[in-house]
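Here is the structure we will look at, set down as structure tokens.
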Amino acid sequence: MASFKAMIPLALCVCFLVGSVTSQLTSTFYDTTCPNVSSIVQGVVQQALQSDDRAGAKLIRLHFHDCFVDGCDGSVLLEDQTGIVSELGAPGNGGITGFNIVDDIKTAVENVCPGVVSCADILALGSRFAVTLASGQGWTVPLGRRDSRTANLDGARNRLPSPFENLTELQGKFRDVGLDDTTDLVALSGAHTFGRSRCRFFDGRLNTSNPDPTLDSTYADQLRQSCQPGRDTFVNLDPTTPDTFDNNYFTNLQNNRGLLGSDQVLLSTSGAPTVSIVNNFANSPSQFASAFAQSMINMGNLSPLTGSSGEIRSNCRRLN
């Protein structure tokens, strides 16, 4: 009993520390310092989508890859420079794009509220509007993150989920960053309901002598045709509604039409707890929309820099 009582203040202390970090993020953070930040971000994302159907998916990918390496601190945006070895050299960040969109958002925000809004918060807000402008459901974005003065190439090499990983490996990477390895994993994977993938990330499943048995054969034939120009050819992640944020990603999985191996394993892994969640989301667009919104908030709350930590970069790609 004495040892149990001794643990109580420790537990309270730990809970207080975790809660205090998250509590510093609030949707009203910029209400007095940059009250129009949301509308500014929305306007730039909307403009980007007029010339680039992939703009929204690019922003979500940047936010995801940012948060999985030392938390949501804008580190993924940093280029190589004095004192910084960029995370962009990691295989998981190969071909990642969208920096021009972030630059445009940052410029628009700086013109109105110089030195106030972080690049990390721009990624979080941009991801929300990426979804709503593609007919998806929005969420209230907690704000107040600051930008890191460091990058972590080794972290990016080791922590980013890979399209070639099995379910056990994917679950481990979600647990390692503090996310739920079932609901958060399945919900956030649902972001593949829009955007594109290069053939090199799935063409191993198209081997005619040893085809992936979890890939629909007719769909596989279509993909072989699509990938004929080369391994860097882009193919829609969702063959049904490629530019709409909906739950068709999950009905695709039910039909063995998940593009990436890491998508299909959510359903094809026998006895896995992810199977029932995939089926629930396939049957209920509202369940997926609500779960995705909560999982994006969960991810956005990973280890943010707040208060006087870090900085507010004036150029998202470089330290001040």
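The values are calculated or read from the model by the stated rules, or taken from the named source; none is laboratory data. Given the structure is predicted, the values throughout are model-derived calculations rather than measurements. Cβ coordinates were reconstructed from backbone atoms using ideal geometry, including for glycine residues, and neighbour counts include every protein chain displayed. For accessibility, only protein heavy atoms count, side chains too; no ligands or nucleic acids. Shrake-Rupley method; radii C 1.70, N 1.55, O 1.52, S 1.80 Å.
Quick check on my filter: what residues within segment 101-121 are of a type outside the set (Asp, Glu), assigned to a helix (DSSP H, G or I), touching a residue at least 40 places away in the same chain (Cβ under 8 Å) and within 21 Å of Arg149 (Cα to Cα)?
First, the residues of segment 101-121 that are of a type outside the set (Asp, Glu): 101-102, 105-109, 111-120.
Checking the rest, the ones that are also assigned to a helix (DSSP H, G or I) come to 101-102, 105-109, 111-112, 119-120.
Of the ones still in play, those that are also touching a residue at least 40 places away in the same chain (Cβ under 8 Å) are 101-102, 105-106, 108-109, 112, 119-120.
Passing the criteria: Val102, Ile105, Lys106, Val109, Cys119, Ala120.
Table: residues versus (1) under 23 Å from Leu223 (Cα atoms); (2) open to solvent by less than 10 Å² (accessible area, probe 1.4 Å); (3) part of a helix (DSSP H, G or I); (4) not hydrophobic (A, V, I, L, M, F, W, C).
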| position | (1), (2), (3), (4) |
| --- | --- |
| Phe164 | yes, no, no, no |
| Gln171 | no, no, yes, yes |
| Arg175 | no, no, yes, yes |
| Val186 | no, yes, yes, no |
| Ala191 | yes, no, yes, no |
| Gly204 | yes, no, yes, yes |
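Identify, from the list Gly19, Gly56, the residue that is over 14 Å from Asp121 (Cα atoms) and at pLDDT 95 or above. Full working, then the answer.
Values: Gly19 fails: at pLDDT 95 or above.
Exactly one residue qualifies, and that residue is Gly56.
For residues in segment 141-162 being open to solvent by 10 Å² or more (accessible area, probe 1.4 Å) and among the charged types (D, E, K, R), which is nearest to Asp31 (Cα to Cα)?
Checked segment 141-162; the qualifying residue nearest to Asp31 (Cα to Cα) is Arg146.
Can you tell me which residue is surrounded by the fewest Cβ atoms within 10 Å (Cβ to Cβ) among those in segment 45-72 that are of a type in the set (A, V, I, L, M) and over 14 Å from the mean Cα position of the chain (by Cα)? Write out each step before concluding.
Of the residues in segment 45-72, the ones of a type in the set (A, V, I, L, M) are 45, 48-49, 55, 57, 59-60, 62, 69.
Add one more test, that the residue is over 14 Å from the mean Cα position of the chain (by Cα), and what stays is 45, 48-49.
On the way: Val45: 23, Ala48: 25, Leu49: 18.
By that ranking, first place goes to Leu49.
Any residue in segment 216-233 that's within 16 Å of Phe201 (Cα to Cα) and in the same structural domain as Gln264 (by the TED database): show its pairings with residues that are of a type in the set (Asp, Glu) and modelled with pLDDT of 95 or more at Cβ separation under 7 Å, as long as the two are six or more apart or on different chains.
Cys227/Asp203; Arg231/Asp203
In segment 234-250, what residues are of a type in the set (D, E, K, R) and over 15 Å from Arg54 (Cα atoms)? Outline the logic, then answer.
So in segment 234-250, the residues of a type in the set (D, E, K, R) come out as 238, 243, 246.
Result: Asp246, single match.
Is it the case, given these coordinates, that Pro213 is over 30 Å from Glu110 (Cβ atoms) and modelled with pLDDT of 95 or more? Steps first, please.
Working: over 30 Å from Glu110 (Cβ atoms): yes; modelled with pLDDT of 95 or more: yes.
It is true that Pro213 is over 30 Å from Glu110 (Cβ atoms) and modelled with pLDDT of 95 or more.
Quick one: which of Gly138, Gly126, Gly83, Gly115 is surrounded by fewer than 24 Cβ atoms within 10 Å (Cβ to Cβ) and in contact with a Leu (Cβ under 8 Å, 6 or more places away or on another chain)? Step through it out loud before you land on a result.
Working: Gly138 fails: in contact with a Leu (Cβ under 8 Å, 6 or more places away or on another chain); Gly126 fails: surrounded by fewer than 24 Cβ atoms within 10 Å (Cβ to Cβ); Gly115 fails: in contact with a Leu (Cβ under 8 Å, 6 or more places away or on another chain).
Gly83 is the lone residue from the list that is surrounded by fewer than 24 Cβ atoms within 10 Å (Cβ to Cβ) and in contact with a Leu (Cβ under 8 Å, 6 or more places away or on another chain).
Among the residues of segment 257-271, write down those that are in contact with a Pro (Cβ under 9 Å, 6 or more places away or on another chain) and open to solvent by 30 Å² or more (accessible area, probe 1.4 Å). If you could, list the steps in order and put the result at the bottom.
So in segment 257-271, the residues in contact with a Pro (Cβ under 9 Å, 6 or more places away or on another chain) come out as 257, 259-263, 268.
Those that are in contact with a Pro (Cβ under 9 Å, 6 or more places away or on another chain) and open to solvent by 30 Å² or more (accessible area, probe 1.4 Å): Arg257, Ser268.
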